[in-house]
Structure formats: structure tokens, C-alpha cells
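Note sheet for the following structure.
Each value in this text was obtained by applying a stated rule to the coordinates, not by laboratory testing. Note that the structure is a prediction, hence the values are computed from the model and not measured.
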Amino acid sequence: MAALVKAAMQAGIHQMQINSVNRDVLLDAQKHPEKYEDLQIRVSGWNVLFNNINKEDVVIKSPGIPTNDKLIQTLKLQQILIISDIELFYILR
């Protein structure tokens, strides 16, 4: 981690937001949300409670996230509308 931060600073990057959460913790939090009421993650630079991320009506998917991603597939099964950032900008124009 230190090497990553040092390389970023040498490249002229002056701001970084690093979150480190064990994958197993996130998977367990999906199965047992009552155990993780205070677990926060970063979404688009904002802190959100992990237990609230699947309670949305619409999700704006970053272009870097594949459509076959497990979370995206779970949201689709829950019939949550998933749109791209470009679709969002078109809607808001």
C-alpha cells in the first residue's frame, strides 16, 4: 500500500481515497446485514452504509463495471433499474 501511495505522489496525484474491506466481510454482510449495521463503503466518492446500497430505485453503473458483475446481476434480479452515466446525463439534460 505504501508503494502505491508513493508512486501516486511521484506521478503528481494529490488526492487519493483508499478503502480496504475484506471481500469475505462484504459477502458475509450481504448474507447477514444485521451484523454489519455500521459498515460503510465508498460509492462515487461518498460514504454509504453497505446495508443501504440494495435499497435504491435506480443504480448508475460506472462504465468500468461489467454487466455480468455479481452485484449488477443481483440488482437486476431485484428489478432495480440500472442505467449508465451517459443515460443519466441524457435524462437530466
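Would you mind calculating the relative contact order of the chain from Cα pairs under 8 angstrom and at least 6 residues apart, reporting the percent as a whole number? Display every interim value, and only then the final one.
Details: 59 pairs, mean separation 16.6, N = 93.
Over the chain, the number comes to 18 percent.
Would you compute, from DSSP H runs of 4+ residues alone, the mean residue ellipticity of the chain at 222 nm, taking -39500 (n - 2.57) per run and dividing by the full residue count, rounded to the nearest 500? Present the calculation step by step, with values, prior to reporting the outcome.
Details: 4 runs with 34 residues, N = 93.
Rounded to the nearest 500, it is -10000 deg cm²/dmol.
What's the whole-number percent of alpha carbon pairs in the chain lying beyond 16 angstrom?
That fraction is 67 percent.
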